[in-house]
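The values are calculated or read from the model by the stated rules, or taken from the named source; none is laboratory data. Only a predicted model underlies this, so the values are computations on that prediction, with no experimental measurement involved. As a convention, Cβ positions derive from the backbone with ideal geometry for all residues, glycine included, and neighbour counts pool all protein chains shown. Note: accessible area is taken over every heavy atom of the protein model, side chains too, but ligands, DNA and RNA are not part of it. Shrake-Rupley method; radii C 1.70, N 1.55, O 1.52, S 1.80 Å.
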Amino acid sequence: EAGFSLASMRENGLAIVVSEIQTKFHASAEELDELTIETEVVEFKRVTTTWRQRILRGGELICSQEIRAALIDERGRPVRFSPEMIETLGRYTPDP
């Protein structure tokens, strides 16, 4: 939705890698359940970002998690998020 697919990032020599994830399961899901994933960007630092996600089945909370990830180049070295990425993904930050 934000316009940064994993494939397009890879074409530009970039990847997002998860360095930490904390997950809490609130209910179980079944194989054919239709699930919705809501994501908000909590913060950006130099090369890392923190996101929160909620996985829902209808209005029922199935899972919540907080993810810390880093942006790396094709050699696996951390790189800074571009101003364009920060501006675009910043639209997904919670309202203060």
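Summing -39500 (n - 2.57) over the DSSP H runs of n ≥ 4 in the chain and dividing by its residue number, what mean residue ellipticity at 222 nm do you reach, to the nearest 500 deg cm²/dmol?
Computed ellipticity for the chain at 222 nm equals -3500 deg cm²/dmol.
Quick check for you: with a 1.4 Å probe and neighbouring chains kept, what is the accessible area per residue of the chain, in Å²?
Accessible area per residue, the chain: 73 Å².
Just how large is the dipole of the chain about the Cα centre, in debye to the nearest 20, putting +1 at every Lys and Arg Cβ and -1 at every Asp and Glu Cβ?
Taking the Cα centre of the chain as origin, the dipole is about 560 debye.
Find the eigenvalues of the gyration tensor of the Cα atoms of the chain, then list the square roots of 5 times those eigenvalues as equivalent ellipsoid semi-axes, largest first, in whole angstrom.
26, 15, 13
Would you tally the net charge around Glu30, using a Cβ to Cβ cut-off of less than 13 Å, leaving Glu30 out, and scoring K and R as +1, D and E as -1?
-3
How much length is gained on full extension from Ser19 to Glu1, taking 0.36 nm per residue of separation minus their Cα-Cα distance?
4.2 nm
Students often get this wrong: which residues of region 46-80 have the backbone nitrogen under 20 Å from the point 7 angstrom along Cα-to-C-beta of Leu35?
51-69
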